[in-house]
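Chemist: The structure that follows is given in the form of structure tokens.
Taken together, the values in this text are just the output of simple stated rules run on the coordinates, not laboratory data. Quantities reported herein were computed from a predicted structural model and do not represent experimental measurements. Please note: Cβ atoms are built from the backbone with ideal geometry, for glycine as well, and neighbour counts cover all protein chains shown.
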């Protein structure tokens, strides 16, 4: 089974870091095959940053995203650009403070990642909040794996902050799923 | 450094140091390159350098053929790149003594970038750079050292570009040992080469060598006596230069403008690349 | 005190990692026993140098950042002559600068590995995007007659595995070996399993054994001379000029030049069975064969599966060794198929030796793509359908 995940937003929001941690969770801690890339193609140029992760049980051929199974959008521009390239059953998560309009037939899960991160004391962990929500909603990786990968990817002094961010995201996502 | 020097005959020197199969050399009669090699061998003799642990590296050109005549490990590389190869050898095995033969065109023309960075890194190399004002091997084209107004096959109407002062360049970048001697001075080059080899860090010994074949004959210096005399007339010792600048008559001072400074330009201690690298490894190694 | 191999494990970190293709090349080099790296930063190959600069000092090796790519290749060739296993890494513009010293490495029979993380050209082109535009430069970039060895991995794991192979081939045949990836694979992260010692071969160049009668460029049946490192008392003279078996310049002798340059070529071509690596995927019964390499081959694998589901008898020959070109392999396949589809991320480079090997025995269709985008599965399938519909 092949699952395609896209995390997108502005440059600087940590979308690539988020994708790397997600890939690491799948490949190193869940023992799956995973491949992480940055966008292939002219659509990636401009203000939007986009990172992709493909997770599979067997070898991954084409490394890019055709149509996402999971889309996390952290800016309006990125959402508008990438919301077209999704599967009908795609799980879409947006930050309603940065994505204001989502007029598409899919169910969209709003997760206030920036606000949650701010309340935790540092806006930079908004991407980690999103990883938590993504894990809870899509189950593309296990909770144990995403936690282990997150803690392994951040400096020691930020471990607790990131753990809190991930847990907050998991909670927000679980609430949405219910 | 050993101060006693047992005299050896030319035949003894030759048997000890030269690769017989490579002789005779390709050099023109009257060329000073043989003398440069001779001075180098005397310096090695004086230091008791182990030839089994010495590598001679060169680029392309007449002077770069010198590496092949010495019976030691040698590397005759691509044009201008001797210092890159030599840097790799020294960095990979700092126990080896690495001596580079190069020319003005090879060393600071096509190889100028490597020259400045090898000095900046302070690679522990002894660079014997033979400056003959021209590209001799290929028949006498203009070099970065060709004096203004000189004729060459590529400056048929006279050279309009200013020549590079190699020693001043090396000094500006901070080479710990720098000397320049004309090949007609027999003792000072031996001492400088020996000091250069002993020095930890980048040593430059620039040898002024007449090329009557390619340079001389286009510039009124075809005759051997005349060209060797030209060098005697156109050099001034660093001490004399300073003395004349301070106390000389206006005529003497004016004459200085036509002269090339010779002597030891720099002799200081500066930690070299392999020492600094070894310290770094000591700090971080597992 | 831990052994060197144990310290390598410690320096590389966990057994299973999620890292970039560039990182994998560096790890492969370290596992292969590389102790010297010289390079110059260039997108998208810089991460190779960054990893080497982190790891080598931990192990007592040497990393040196040179002033340009010319000096980088010069430095590793010099270092190789001290007996070290050496590597540099670059991208297209830097690889262009390396051409003269690449020829020097071939002529002087110097083991070394060059990684080229390709980007598009000509000139500065697209620094961050993927391309395979240097395939022919690798083959013919340096002047004069010569053979070259070049490997092309398709994924991050293979980048590590084949870097080890590159070192082994460089040591065995005493020649520069090229490992080519692209900007996409260089920056792509995938699961990487660091192999255990014993799971891969390690080759060291054959050393000279006796000083008496030793000639540094005399080769026996293997066509590869025995090596004596600088400083070992053999007093070897190394030159890029045409030289005799003693290594001394003999620039005017036609027979000596002929003998030397033919041996340098023959030592590669006569060992092509050992050097050539490939993967055949459903080629036994295929009517259309995709001949692919590098990143593109990944997508082709998916396309073979999908093509078969659609009833197209398609297979894939994935070239892992590009040079020396596996001519017999392609010629044999040409006898069995109706058509070959050659997708390339350039305007058609490897399609030329393919056509030369095919000699008209089947149709050969080039699917060229440049600009940084990969071939999509859709366009590959379209090309397959088109080939199927065309009459023989």
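Chemist: Could you calculate the FRET efficiency of residue A:159 with residue C:206 from 1/(1 + (r/R0)^6), where r is the beta carbon distance between them and R0 is 60 Å, rounded to 0.05? Before the final figure, lay out the partial values.
Modeler: Working: r = 51 Å, r/R0 = 0.85.
Here the calculated transfer efficiency is 0.70.
Chemist: Once you have the Cα-Cα distance between residue B:28 and residue B:268, take 0.36 nm times their residue separation minus that, and quote the gain in nm to one decimal. Please report the intermediate quantities before stating the final value.
Modeler: Numbers: separation 240, 0.36 × 240 = 86.40 nm, distance 3.67 nm.
Contour length minus the Cα-Cα distance gives 82.7 nm.
Chemist: Given a Förster distance of 56 Å, report the FRET efficiency between residue B:184 and residue C:65 from their Cβ-Cβ distance, rounded to the nearest 0.05.
Modeler: 0.85
Chemist: Give me the distance between the Cα centres of the stretch C:118-158 and the stretch B:131-156, rounded to whole Å.
Modeler: If we compute the Cα centre of each part, the gap is 39 Å.
Chemist: When DSSP assigns beta bridges and you keep just the ones with both residues in the protein assembly as shown, what percent turn out antiparallel, to the nearest 5?
Modeler: Working: 38 of 118 bridges.
If I count the DSSP bridges inside the protein assembly as shown, around 30 percent turn out antiparallel.
Chemist: Further question: Normalise the Debye intensity by I(0) for chain B, one equal point scatterer per Cα, no solvent, then take log10 at q = 0.11, 0.14 Å⁻¹ and round to two decimals.
Modeler: Log10 I(q)/I(0), no solvent term: -0.63, -1.02.
Chemist: Once both labels are modelled 7 Å past Cα along the beta-carbon direction, what's the residue B:168-residue C:274 spacing in nm?
Modeler: Taking the two extended label points, one gets 5.7 nm.
Chemist: Under the definition of Cα pairs under 8 Å and six or more residues apart, what whole-number percent is the relative contact order of chain B?
Modeler: About 17 percent, as a whole number.
Chemist: DSSP beta bridges in chain C, what fraction antiparallel, as a percent rounded to 5?
Modeler: Numbers: 13 of 49 bridges.
Taking every DSSP beta bridge with both residues in chain C, the antiparallel ones total about 25 percent.
Chemist: Restricting to chain B, what percent of DSSP beta bridges are antiparallel, rounded to 5?
Modeler: Of the beta bridges lying entirely in chain B, close to 20 percent run antiparallel.
Chemist: Give me a single rounded figure for C:248-256: the average over its residues of other chain Cβ atoms within 10 Å of their Cβ. It would help to have the intermediate numbers written out before the result.
Modeler: Working: counts 4, 5, 0, 0, 0, 0, 0, 0, 0.
Average neighbour count from other chains, rounded to a whole number: 1.
Chemist: Would you please put C:124-134, C:151-161 in order of how densely packed they are, using the mean number of other Cβ atoms within 10 angstrom per residue and starting with the highest? Working shown, then result.
Modeler: Details: C:124-134: 19.3, C:151-161: 26.1.
Listed from highest to lowest mean packing, they are C:151-161, C:124-134.
Chemist: Which of rounded, prolate, oblate describes the stretch B:224-278, given a ≥ b ≥ c as roots of the alpha-carbon gyration tensor eigenvalues and a/c under 1.5 marking rounded, otherwise prolate only if a/b is larger than b/c?
Modeler: oblate
Chemist: Here is a follow-up. Between the stretch C:219-248 and the stretch A:84-124, what is the separation of their alpha carbon centroids in Å?
Modeler: Using only Cα atoms to place each centre, the spacing works out to 66 Å.
Chemist: In nm, give the distance between the simple-model label positions of residue C:4 and residue A:104, each being 7 Å from the Cα along the Cα-to-Cβ direction.
Modeler: In this crude label model, residue C:4 to residue A:104 measures out at 5.5 nm.
Chemist: Compute the separation of the alpha-carbon centres of the stretch C:276-344 and the stretch B:170-200 and state it in Å as a whole number.
Modeler: 63
Chemist: Place the peptides A:119-127, B:79-87, C:337-345 in order of packing, highest mean first, counting for every residue the other Cβ atoms within 10 Å and averaging per peptide.
Modeler: Details: A:119-127: 19.1, B:79-87: 29.7, C:337-345: 23.3.
Packing proxy ranking, top to bottom: B:79-87, C:337-345, A:119-127.
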